[in-house]
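Shown next, in structure tokens, is the structure this report addresses.
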Amino acid sequence: MASAPSIHAAEPACPVLAHSLLTKPECRATYTEEPSYEAEQNQGWNLKDDWDTGIQPNNSGIFRCGAVIGFSRLRSRSRDTDEYIGQIPRYLLTSHLLRVAPSTEPSAFIIHPSNFEPLAPRILLNALQSSSEGPRISRSEAMERLDAVQLLPVQTLPNAAQAIGKVSESLQELLERRQAQQKLAFAEPGPPVVLIVVGLDTLAEGVIRASNPVRGTALLAATLRNLTRMARAYSSWLSIILINTSGLGPAYFEAHHLPEPNHAKKPGDGDARPSGDDGIHSIFSTSGSTLLSTLPMKTLDQGIDTHIMLSDVKATQVAEVIKDRIGTGLGKWGIWSPKR
């Protein structure tokens, strides 16, 4: 009897443009880019200022190019839904798509499990049409924006690693085209490109269950190294966002109040930390709490430059920067409204 095929030998699905999963638009529109980012590096404590500004090709904001940005939820104090963790990344993506002038170049790549709904084409289409970024756009205009989004559905961590390799090849081709255009026409550098990778943490847990912790952690670490290499290789125009679906924790938190704006913790505040601590803390946490309680969690965090955690405080969804190793955003936080 022939042996059953290995689940790790499956090939990832070929990339598909998001707009192709919807009705084809009948017309196309012409757009211009919005003014460039003018905020200074230290904008204060409010993270809202950064997500309103969105993804930028400089190092002045939280959502900068050249960095791996991770979004995680707090297990002990957040809703365990994909929509909960996917709202802010979706907002950043749709804002980016509305700001970039249409072209034949890809504006975004999304590597995701097929059952992750917050970035599904119909959800993105609705988000583009209902966005508060400037005037409302028509359905055909929104679908034109989706024309520049490539979706790569995956089922396993090896699939995701292969899909990341495909995106890397596409980015190299894009870099070569841009360099050739700049030489011929003295054109300005191209607009940012966003790569969103969903659920690496959950996919790693699948490898651990099917094989062992060593294999799962090793494959996760290798995948994260590839993402870091890509972020550095295309640092002036590539922004990488990881959406982690399994959550952080457990931890003990003070949930009865929001901190004062000037109480946000910054590097060098001199907080006493227990021995063996992972160094990742929340401004809402009590002394001695830990967020990275497993080896996959710690491995994932090592591959993230800027880590943003979502949790509920007094029934209010809060996003806070719990790590920023290449900027000054540690301790920033903001209240997120799902009605944005």
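Derivation of every value follows stated rules applied to the coordinates shown; laboratory data play no part. Keep in mind it's a predicted model, so treat the numbers as computed, not measured. Because the Cβ atoms are built from the backbone with ideal geometry, glycine has one as well, and the counts that use them run over all protein chains shown.
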Boolean, R145 is among the basic types (K, R) and within 16 Å of the chain's Cα centre (by Cα):
no
Scanning region 130-150 for residues that are assigned to a loop (DSSP other than H, G, I, E, B) and either buried (at least 18 other Cβ atoms within 10 Å of the Cβ) or of a type outside the set (G, A, S) (or both) gives S131, E133, P135, R136, I137, D147, A148
All-but-one check, G190 against (1) closer than 18 Å to G70 by Cβ; (2) small (G, A, S); (3) touching a Phe, Trp or Tyr at 6+ places or on another chain (Cβ under 9 Å), failing number (1)
Within region 74-95, of all residues that are over 19 Å from N115 (Cβ atoms) and under 13 Å from the mean Cα position of the chain (by Cα), the one surrounded by the fewest Cβ atoms within 10 Å (Cβ to Cβ) is Y91
Does region 62-74 contain at least one residue that is farther than 17 Å from I308 by Cβ and not basic (K, R)?
-> no
Only one of (1) touching a Gly at 6+ places or on another chain (Cβ under 9 Å); (2) hydrophobic (A, V, I, L, M, F, W, C); (3) within 30 Å of V100 (Cα to Cα) does not apply to V194, and that is (1)
Within region 217-235, residues without any contact (Cβ under 8 Å) to a residue 24 or more places away in the chain and over 18 Å from L171 (Cβ atoms) come out as A218
task = Could you check, for region 200-209, whether at least one of its residues is hydroxyl-bearing (S, T, Y), within 26 Å of A120 (Cβ to Cβ) and touching a Ser or Thr at 6+ places or on another chain (Cβ under 8 Å)?
result = yes
